[in-house]
1. Here are some residues: E105, E128, E124. Which one is modelled with pLDDT of 95 or more and open to solvent by 30 Å² or more (accessible area, probe 1.4 Å)?
2. Test each condition in (1) part of a helix (DSSP H, G or I); (2) open to solvent by less than 60 Å² (accessible area, probe 1.4 Å); (3) of a type in the set (G, A, S) for S259 and report the one that comes out false.
3. Condition (residue is in contact (Cβ under 8 Å) with a residue 12 or more places away in the chain, open to solvent by 60 Å² or more (accessible area, probe 1.4 Å), in a helix (DSSP H, G or I) and not aliphatic (A, V, I, L, M)) applied to the range 26-34: is it met by at least one residue?
4. List pairs: first in the range 211-225 and more than 16 Å from V256 (Cα to Cα), second charged (D, E, K, R) and in a helix (DSSP H, G or I), Cβ under 6 Å, 6+ apart or cross-chain?
5. Within the range 81-120, track down each residue that is assigned to a strand (DSSP E or B) and either over 16 Å from V55 (Cβ atoms) or of a type in the set (K, R) (or both).
6. Taking the options A12, A6, name whichever one is touching a Leu at 6+ places or on another chain (Cβ under 6 Å), modelled with pLDDT under 95, more than 30 Å from M147 (Cβ to Cβ) and open to solvent by less than 50 Å² (accessible area, probe 1.4 Å).
7. Taking into account only those residues within the range 142-174 that are open to solvent by less than 10 Å² (accessible area, probe 1.4 Å) and of a type in the set (S, T, Y), which is farthest from A47 (Cα to Cα)?
8. If only one of E176, E278 is closer than 24 Å to E96 by Cβ and more than 18 Å from the chain's Cα centre (by Cα), which one is it?
Amino acid sequence: MIVLLAPLAACATTTPPAVTGAAPANPPAGMQYLYGSGEGAALSVQAWHGLLGYVAAKVRARPADSVVLAQGASLDAPTFVPCGDKPLAAVFDVDETVLLNIGYEYHDATSGKGYNAADWDAWEKTGEGAVAPVPGADHVLAALRKMGVTVIFNTNRSAANADATARAIRAAGLGEAVHGQTLYLSGDDAMGSRKDGRRATIAASYCVIAMGGDQLGDFSDLFNAGQSVTARRAATMTLPIAGMWGNGWFVMPNPVYGSGLKGGFDDIFPMDKRWAPEGRRP
C-alpha cells in the first residue's frame, strides 16, 4: 500500500464527511463495496485464483528473471532482477491486499475524522482482533507455502510496530511473519514509504515470481514519480508494462483510499468523452 496523506502511514482515506455530531446513515460507497459487497469479494477471489495458477506454472517451469524491476529500469524499458538459483518467493503488501482493516475503517466511517496518524498507530498496535483476510488470500497464501514458495510481506506499517503487525497477520489467518525475514516495514531503510529499496533487498535473496498489492507503488515506485493522473493511468496500459498485470503483478481492489483516488473532472472525463442530455450540454 502507498501512502496518500501521511508519509509514514500504511492507511489513508478519502475526504471525510463533515462532522455533524451523528454517525452517517451508511458507510461510504467505497467501504460498502470493499468490505461488504459480494462483487468486491468475488473480484478478490478471482485475482487470488489467477495468482495461484500463475505461480503454480512458474514453480513447474522456473523463470530466468524475477518480477522485481532492476535498478535503473524504467517503465518504458523495464528490466528485471535475474533469478539465478535463488529460492522462490511471492511478495505482498498487507493492508487491503491480504488483510482487511475492518475495525479501523469502522472507526473512520463512524467518526468522520478521516485519516489520523495517532489513531492509525494505535490501530497497528491494538487492532489485531478486528481484522479479516482479503477474500481468497488466506487459502492461496497457504497453498503457495505448500508449493515451497516463501510468502513475504512488504508493507508501509511502521517498523516500530513489527510485533503487532505480525500478530495481526496471524490473527487474519495469513500465517507467520518474521520481521527482517518475511516481513518488511516502513523504517527498515531510509526510503520511508517508498518500497523499491525493500523490494531490492528481498530480490537479492529470492527469485520473486509474483507480487500483489492494492496500489501501483506495491510494484514500483516509478508509478509515483510525479506524473499527471492521466499519464500515470496510461503507463499501466502501455506495453511492455501492460503485459505484467495478471502475469507476475496482481492488483487487488481498493476504492477506499490510496494513490489511485486522485483527479479532477478534466483528469477523469476527457472533453471528447463528455455527454449530457440535449439542452443541458455545456
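1. Working: E105 fails: open to solvent by 30 Å² or more (accessible area, probe 1.4 Å); E124 fails: open to solvent by 30 Å² or more (accessible area, probe 1.4 Å).
Unique residue meeting the criteria: E128.
2. (1)
3. Taking every residue of the range 26-34 in turn, at least one turns out to be in contact (Cβ under 8 Å) with a residue 12 or more places away in the chain, open to solvent by 60 Å² or more (accessible area, probe 1.4 Å), in a helix (DSSP H, G or I) and not aliphatic (A, V, I, L, M).
4. Going by the 6 Å Cβ cut-off, the qualifying pairs are D221/D196.
5. Here is the first cut: in the range 81-120, the residues assigned to a strand (DSSP E or B) are 81-82, 88-92, 95, 99-100.
If the condition is that a residue be assigned to a strand (DSSP E or B) and either over 16 Å from V55 (Cβ atoms) or of a type in the set (K, R) (or both), then V81, P82, D95, L99, L100 are the ones that fit.
6. Values: A6 fails: touching a Leu at 6+ places or on another chain (Cβ under 6 Å).
Criteria check complete, one pass: A12.
7. Among those residues, the one meeting the criterion is T165.
8. Values: E278 fails: closer than 24 Å to E96 by Cβ.
Step by step, each of E176, E278 is checked, and only E176 is closer than 24 Å to E96 by Cβ and more than 18 Å from the chain's Cα centre (by Cα).
The values are calculated or read from the model by the stated rules, or taken from the named source; none is laboratory data. Quick caveat, the model's predicted, so the values are computed rather than measured. A quick note on method: Cβ atoms are made from the backbone with ideal geometry, for glycine too, and the neighbour counts reach across all protein chains shown. Heavy atoms of the whole protein, side chains included, go into the accessibility calculation; ligands, DNA and RNA do not. Shrake-Rupley method; radii C 1.70, N 1.55, O 1.52, S 1.80 Å.
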